[in-house]
Amino acid sequence: MAAISADNHGLRLAVRYAVLILIAIIFVFPLVFMLMSSLKPDQQLLQDTASLRAFLPVGDISLANYSAAFDRAPVTLFIFNSVVVTGITVVLSLLVCSMAAFAFVFIGWRGREFLLTVILATLIVPFETIAIPLLLIASKLPSIGLDGLSTGWLNSYHVQIVPFIADGLTVFLFVQYFKDLPSELIEAARVEGASWPQIYRRIVMPLAGPVLATAAILKFLAMYNQYLWPLMVVQEEGYRPVMVGLQYFFQQNVAWGEVMAYLSMITVPVLAFYLYLQRAFIASIASTGVKG
Amino acid sequence: MTQMKWLAGAALAAAAWSGAAQAQTTLTMWYHGAGNEVEAKIVDQIIADFNASQTDWKVEMQSFPQAAYNDSVVAGALAGNLPDILDVDGPVMPNWAWSGYMQPLQIDEAAIANFLPGPKGYWNGQLYSIGLWDAAVALVTRQSYLDELGLRTPTLDQPWTKDEFMAALEAAKASGKFEYAFDPGMAWTGEWYPYAFSPFLQSFGGDIVDRTTYKTAEGVLNGDAAIAFGEWWQGLFANGYAQAAQDPADRDSGFAAGKYAFSWNGNWAAMNTLSQFPDTVFLPAPDFGNGPKIGAASWQFGVSASSQHPEGASAFIQFALQDKYLAAFSNGIGLIPPTATAAAMTDNYKEGGPMAVFYDLTKAQALVRPVTPGYVVQAKVFEKALADIANGADVAATLDAAVDEINADIEKNGGYGH
């Protein structure tokens, strides 16, 4: 009887792993396809798409597409720009949105429910609907640079950062997480004479690791994939991010191998960032049910 | 005293240098060719030559990827941030002129008297843009295919009639040698549809919009000729001569792989095809009853309405119209030079050159797309209608719906200034 039970357990385990491996393969296949295609000349790449060879490093393999991608576009510059814009936005967004959420959850003040509702309502407003008014505002804002005071934020890093520091989704994530923290902790700190900034810095934020990771990853992806806004506000190549840079490869005859090489290179920062925060991200999803 | 003279000399030299530097006013320029190394090199050369040729103006260029260019210009116009010089796709120019993004060119029109008609961008009787090249489409096949199928080789003077063209497709299909007899290029969406396919409609006797008034599409996009065109178009796919849904890979390499007997393709792809098959021939468009037609007009240069230095911007554009630059573009990327003298300087378009036929085709058959600000909307409506018909939609109902949509847009925009 025990042997049958052990056999069943082993079978169930085998089936479970088989299903998991299958799902993993489905998710990994596009990445493998991208990487393998980036190593093949265009003609072979197009021929291989109809067979399993598309996922294998076979045929005429080389790094020629990577070299050609660097010749066609300033790839390093685009990646640098995206990492700068994304990195600064993520850090500032976590700071500002967590402070806002802290004030909404822990500090009693008149109108906070209403204001929170308004902020959450912005979640249903697509960016495209506010893009043009935002462009008009950005083009008229004063700016101080090496040349002194000028008008307009266009062609800069800050025009790609500032509009995205505060957003409803990140505030919402922090509010939901903070609400689940034991209120006794905050009350005890207040009784001990801790100020609100001290509570924020010493008690709440050290406990907010999972939500910080979740918010950071979601913000990172949204910022790294920015296309419409930089297209509208950046005309100088020196400030262009990776997604606008992708269009350099779509000429009349698309160089698919170079496209795959470029995509492989710009995917590296995303994967590195996700892997770095993966554990906390999964913990956050498991504890809050929030999905990315 | 010697020291004083030295100092005075240095001061004079500094003043002269600073004066010369200040004398050159900067002109900004936007160009759609980012990512195209050969094209960028030629444009950079023109700019360098122009900047060195005079002391009044200095052009500085920002390149944009083509797919993002039009949106960037519209955003730049909204933000009041347009450059002095911009380039514009020929059929889009009337829209940008009407929208107040561009101003008429201040160039001597005698300098473009010998240009092909396609690269000249006229709107409301004024020249707004001028192209350094043109593009043309031809029916691409191999002489060996024509011989095997027993087909007459059509010429500019005697293009195939509709019946001859359909007989050629039937012969190719019946041979069993090809997956499809004809590759119209269904994988290329967007501007390809009106550029490549509206000439078929025009050859049938219809059009996208009534060019006598530009205020309606009624009767031209849904009249008898247009319905005959729509039924013919649908028949290409229903009868198995062409595929309505095409893999982009097949569009790129299908003809070379022998999947298609005939391919409707542009001169930009011709060099590659010729290198694969030396017996490639570029045939004129068939005559469907109203004369053979192909599209015309490619990217052109113009001056933005907000430019404070239109005379400088125009001076640069006029400088770029020299035959040596027109020939350089043609040699570099296979485009059609807009003048016969420039064509004679090229490898491919000189008399007897392997692609000279495209120059003749453009001269004989080219018809610009409707010259109206509403074209940008009409092109999208036309594209959707043709895709729907190719996929089996009712021809008359689809064209009627397209006419309604185009007319509603014209009305909404107050007739677009016509």
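The values are calculated or read from the model by the stated rules, or taken from the named source; none is laboratory data. For clarity, every value in this text was computed on a predicted model and none was experimentally measured. Heads up, the Cβs are rebuilt from the backbone with ideal geometry, glycines too, and the neighbour counts pull from every protein chain shown. Ligands, DNA and RNA are excluded from the accessible area calculation, which covers all protein heavy atoms including side chains. Shrake-Rupley method; radii C 1.70, N 1.55, O 1.52, S 1.80 Å.
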*Beyond 31 Å between alpha-carbons counts as too far, so tell me which of B:K293/B:K324; B:K324/B:K380; B:K293/B:K380; B:K120/B:K412; B:K41/B:K177; B:K177/B:K380 fall in that bin.*
B:K324/B:K380; B:K41/B:K177; B:K177/B:K380
*Name the residues whose placed amide hydrogens come within less than 5 Å of the amide hydrogen of B:N265, ignoring near sequence neighbours (fewer than 5 apart) on the same chain.*
B:A138, B:V140
*asked:* Only Cα pairs within less than 10 Å get springs; with that Gaussian network setup on chain B, which residue of B:A387, B:A296, B:A138 has the largest fluctuation?
replied: B:A387
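Computed on protein heavy atoms with a 1.4 Å probe, what is the summed buried accessible area for the chain pair B and A, in Å² to the nearest 100?
Numbers: alone 17350 and 17090 Å², together 32430 Å².
Looking at B and A, the buried total is near 2000 Å².
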*asked:* Cut-off 20 Å, label point 7 angstrom out along Cα-to-Cβ of A:L123: give me the residues of the range A:162-189 whose amide nitrogen falls inside.
replied: A:164-181
*Under 1.5 on a/c is rounded, so check that first for the range A:81-236, then, if it is not, pick prolate when a/b is larger than b/c and oblate when it is not; a ≥ b ≥ c are the square roots of the alpha carbon gyration tensor eigenvalues.*
prolate
*asked:* With viscosity set to 1.306 mPa s at 10 °C, what whole-number translational diffusion coefficient in µm²/s follows for the range B:153-234 from Stokes-Einstein and a Kirkwood radius over Cα pairs?
replied: 109 µm²/s
*Which distance in nm do the two modelled labels at B:E311 and B:A40 give, with both placed 7 Å along the Cα-to-Cβ direction?*
3.4 nm
*Compute the signed sum of charges (Lys and Arg +1, Asp and Glu -1) over the other residues within less than 12 Å, Cβ to Cβ, of B:A397.*
-4
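Relative to the compact globular guide of 2.2 N^0.38 Å, what is the alpha carbon radius of gyration of the range B:287-332, as a ratio? Don't jump to the answer; show the numbers that get you there.
Working: Rg = 16.4 Å, N = 46, 2.2 N^0.38 = 9.4 Å.
My calculation over the Cα atoms of the range B:287-332 gives 1.74.
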*In range of the label at B:K324: residues from the range B:95-122 whose backbone nitrogen is under 20 Å from the point 7 Å along Cα→Cβ*: B:111-112
_Separation of alpha-carbon centers, the range B:231-283 and the range B:75-135, rounded to whole Å_ = 32 Å
*Amide H neighbours of B:W30 under 5 Å, counting only residues 5+ apart in sequence or on other chains, H built in-plane at 1.01 Å?*
B:Q62, B:I85, B:L86, B:D87
*Residues of type aspartates and glutamates that B:K173 reaches as a straight line, Cα spacing below 17 Å, ignoring anything fewer than 8 places off in the same chain*: B:D147, B:E148, B:D163, B:E164, B:D183
*For the range A:210-216, just list the computed ³J(HN,Hα) in residue order, Karplus coefficients 6.51, -1.76 and 1.60, θ = phi - 60°, integers in Hz, with x standing in for Gly and Pro.*
x, 6, 4, 5, 4, 4, 5
*With each label point set 7 Å from Cα along the Cα-Cβ vector, what nm distance links A:A272 and A:T49?*
3.1 nm
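Between rounded, prolate and oblate, where does the range B:212-361 land on the alpha carbon gyration tensor, with a ≥ b ≥ c its root eigenvalues, rounded for a/c under 1.5, else prolate if a/b exceeds b/c?
Cα axes put the range B:212-361 in the oblate bin.
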*Only residues of the range B:240-263 count here: report those whose backbone N is under 12 Å from the spot 7 Å along Cα→Cβ of A:V254, or say none.*
B:247-252
*Once phi is turned into θ = phi - 60°, what whole-Hz ³J(HN,Hα) does the Karplus curve with 6.51, -1.76 and 1.60 give for every residue of the range B:273-284, x standing for Gly and Pro?*
5, 4, 5, 7, 10, x, 8, 5, 10, 10, 8, x
*How do A:12-24, B:215-227 rank on mean C-beta neighbours within 10 Å, highest first?*
B:215-227, A:12-24
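What are the semi-axes of the equivalent ellipsoid of the range B:56-123, taken as the square roots of 5 times the eigenvalues of the Cα gyration tensor, listed largest first and rounded to whole Å? Walk me through the numbers on the way to the answer.
Numbers: eigenvalues 99, 49, 32 Å².
Semi-axes (√(5λ), whole Å): 22, 16, 13.
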_Inter-probe distance in nm under a simple model that places probes 7 Å from Cα toward Cβ, at A:L115 and A:F70_ = 5.1 nm
_Give the residue list of chymotrypsin sites (Phe, Trp or Tyr not before Pro) in the range A:33-142 that are DSSP loop and have at most 11 other beta-carbon atoms within 10 angstrom._
A:W109
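Within 10 Å of each Cβ in B:331-341, how many Cβ atoms from other chains are there, averaged over the peptide? Don't skip to the answer; put the middle values down first.
Working: counts 0, 0, 2, 0, 0, 0, 0, 0, 0, 0, 0.
That average works out to 0.
Can you show me the helix-derived [θ] at 222 nm for chain A, built from DSSP H runs with n ≥ 4 at -39,500 (n - 2.57) apiece and divided by the number of residues, rounded to the nearest 500. Spell out each step's value before the answer.
On the way: 13 runs with 193 residues, N = 292.
So the calculated ellipticity at 222 nm is -21500 deg cm²/dmol.
With a ≥ b ≥ c the root eigenvalues of the C-alpha gyration tensor of the protein assembly as shown, is it rounded (a/c under 1.5), prolate (a/b larger than b/c) or oblate?
Values: a/c = 1.90, a/b = 1.30, b/c = 1.46.
Oblate, because a/c is 1.5 or more while a/b does not exceed b/c.
Can you compute the charge dipole magnitude of the protein assembly as shown about its Cα centre, using +1 on each Lys and Arg Cβ and -1 on each Asp and Glu Cβ, nothing else charged? Give it in debye, rounded to the nearest 20. Please list the in-between numbers first.
Values: 37 positive and 61 negative charges, 507 e Å.
Rounded to the nearest 20 debye, it is 2440 debye.
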*Run the dipole for chain B about the Cα centre, Lys and Arg Cβ at +1, Asp and Glu Cβ at -1, nothing else charged, and hand back the magnitude in debye, nearest 20.*
840 debye
*asked:* If you take each beta carbon of peptide B:139-152 and count the beta carbons of other chains within 10 angstrom, what is the mean?
replied: 0
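Just to verify a number: FRET efficiency for A:I137 and A:N225, C-beta to C-beta distance, R0 = 35 Å, to 0.05? Intermediate results must be reported in sequence, preceding the final value.
Working: r = 23 Å, r/R0 = 0.66.
Once the sixth-power term is evaluated, E becomes 0.95.
Suppose we flag GluC sites (Glu not before Pro) only when DSSP calls them loop and at most 14 other Cβ atoms lie within 10 Å. Which is the longest uninterrupted stretch of chain A?
Within chain A, the longest run free of exposed GluC sites (Glu not before Pro) spans A:1-191.
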_Run the helix sum for chain B: -39,500 (n - 2.57) per DSSP H stretch of 4+ residues, divided by residue count, reported at 222 nm to the nearest 500 deg cm²/dmol._
-13500 deg cm²/dmol
*asked:* Working only with C-alpha atoms, what are the Rg and Dmax values of the range B:104-206, expressed in angstrom?
replied: 18.8, 57
*So which GluC sites (Glu not before Pro) in the range B:324-406 are both in a DSSP loop and have at most 11 other Cβ atoms within 10 Å of their Cβ?*
B:E351
*When the chain is fully extended, how far beyond the present Cα-Cα distance does B:L127 get from B:N114, taking 0.36 nm per residue of separation?*
3.2 nm
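Distance check, please: which entries in B:K162/B:K215; A:K179/A:K219; B:K162/B:K350 exceed 28 angstrom between their Cα atoms? Walk me through the numbers before you get to the answer.
Working: B:K162/B:K215 30 Å; A:K179/A:K219 21 Å; B:K162/B:K350 31 Å.
Pairs exceeding 28 Å: B:K162/B:K215; B:K162/B:K350.
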